[in-house]
Amino acid sequence: MTAEQTFRIAAVPADGVGIEVVESGRAVLDALAARSNGRFAFDWTEFPWGSAYYAEHGKMMADDGLEQLKAFDAVYFGAVGWPTVPDHVSLWGLRLRICQNFDQWANVRPVEFLPGVPSSLRTADRDDLDWVVVRENSEGEYAGLGGRNLAARGAGSEVAVQSALFTETGCERIMRFAFDLARTRARKKVSSVTKSNAQQYGMVLWDEVFERVAADYPDVETESVLVDAMAAKFVLRPEDLSVVVASNLHADILSDLGSAITGSLGLAASANLNPERRFPSMFEPVHGSAPDIAGQGLCNPLGAIGSAALMLEHFGLGDEAKTVRRAIEATTGSGIRTRDVGGTSTSAEVTDAVIGHLDNG
Ligand SMILES: NC(=O)c1ccc[n+]([C@@H]2O[C@H](COP(=O)([O-])OP(=O)(O)OC[C@H]3O[C@@H](n4cnc5c(N)ncnc54)[C@H](O)[C@@H]3O)[C@@H](O)[C@H]2O)c1
């Protein structure tokens, strides 16, 4: 039977638990498609890029890898990094190469609390908590600008400069994205994260653009919070958050904090979006390749499955995304949980339970 709509997805599991969680996410999406009565299907192509590929070819992905990926509707990514390859080589050689060349400038990272998963947050049971971190994903501290020099002066003399890049265009587009997202949420509020007290050029420009953009959204509440204070707020007053917009580095750190307080890094989903759709967007769990638990069938697949739900939304399958999210909640609520969130189930058992709950969606 030919499906009415077929979405072509490039799977890039890469390294460590990335390989396991991508398998889980694919299984959930294929189970969903099998239940769609031919309305939609997923056509997967898997790419072997990552640290093992590097060992064989001396590079993290094929030279024409970006050209190959362009043909797809989306990229479904696992995690990259392994002790055999320096982290900056593996990250820049694959994940950042895709994000930057496909101008995936908006990185959306929801912080969601699941039934049955214990949180370290004092208020987690009392309030209906959920917020989303919107990360500027194309410049800021990860612009890759700088260099190393003066090593010839002798041992201990080398210098390194790592510059952060803030452009009005880059700041404005991510802020408008955050405000538009806030308008779709129950609490219409955007919190801007800054460090303009110490970083008087880039972050002051960030603050000024935020003020200017905010003026166009009078219906949306705003606040500007220093990144250190925001870290404290995630823990102490999370009920006051809805959309948090931050630079590349700040949002990277804050979203890990967010996922840790929901219970585990293994729960957090993420979408790297090229909102203009000139290039494929990429969906991946927030966590890394977790070499400490890789290959044992113990990792939490819910971050990757949640990322698959974000990919469904991107395809216009909003109801199906809700079905997957409800299946995730039903799974954790019924006590089927991996070890990182206090359970004893394997990754495969959690994946099967999510698939089993798709029918109740
Ligand atoms: N997006 C990415 O590809 C990405 C992101 C972060 C780190 N990395 C890379 O991953 C490697 C390991 O980095 P790290 O240890 O700092 O971060 P990590 O996210 O891999 O692991 C941090 C901790 O969280 C746990 N964890 C992570 N994912 C989990 C899951 N699905 N289920 C249960 N527990 C999970 C790990 O066991 C570990 O204790 C490095 O090479 C790093 O560069 C890649």
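A few comments on the model shown:
- FRET efficiency estimate (nearest 0.05) - Cβ-Cβ, residue 180 to residue 67, R0 35 angstrom: 0.65
- Residues 176, 148 arranged by fewest to most Cβ contacts within 10 Å: 148, 176
- When the Cα positions of 53, 295, 6 are compared along the charge dipole of the chain, 295 comes out farthest toward the positive end, with charges on each C-beta of Lys, Arg, Asp and Glu.
- Considering only alpha-carbon pairs that sit under 8 angstrom and 6 or more positions apart, the relative contact order computed for region 119-262 is 37 percent.
- Between the amide H of residue 5 and those of 40, 41, distances stay under 5 Å, these residues lying 5 or more places away or on another chain, with hydrogens modeled in the peptide plane.
- Per DSSP, loop chymotrypsin sites (Phe, Trp or Tyr not before Pro) in region 190-257 with at most 14 further Cβ within 10 Å: 201
- Residue with peak Gaussian network fluctuation, the chain [Cα springs, cutoff 10 Å], from 181, 150, 129: 150
- Listed residues 291, 280, 83, most fluctuating in the chain (Gaussian network, C-alpha, under 10 Å): 83
- Label point distance in nm, residue 319-residue 160, each placed 7 Å from Cα along Cα→Cβ: 5.2
- Qualifying GluC sites (Glu not before Pro) in region 1-44, DSSP loop, other Cβ atoms within 10 Å at most 14: 4
- For the chain, modelled as a GNM whose springs connect Cα atoms under 10 angstrom apart, the maximal fluctuation among 227, 243, 21 occurs at 227.
- Gained length - residue 44 relative to residue 145, 0.36 nm times residue gap less alpha-carbon distance: 32.9 nm
- Taking a ≥ b ≥ c as the square roots of the eigenvalues of the Cα gyration tensor, an a/c ratio of 1.5 or more together with a/b no larger than b/c marks region 201-289 as oblate.
- For region 149-257, the set of GluC sites (Glu not before Pro) satisfying both a DSSP loop assignment and a count of at most 16 other C-beta atoms within 10 Å is given as 158.
- The dipole here belongs to region 119-262: it is taken about the Cα centre, uses +1 on the Cβ of Lys and Arg and -1 on the Cβ of Asp and Glu, and is about 220 debye.
- Relative contact order, percent, the chain [alpha-carbon distance under 8 Å, six or more residues apart]: 22
- Here the dipole of the chain is about 180 debye; that uses its Cα centre as origin and unit charges on the Cβ of Lys and Arg (positive) and Asp and Glu (negative).
- Our summary gives region 194-336 a relative contact order of 15 percent, counting only alpha carbon pairs under 8 angstrom and 6 or more residues apart.
We did not get these values from a lab; they are worked out from the coordinates using the rules stated. Computed from a prediction, not measured in an experiment: that's the story for all the values here. Note: ideal-geometry Cβ built from the backbone for every residue, glycine included; neighbour counts use all protein chains shown.
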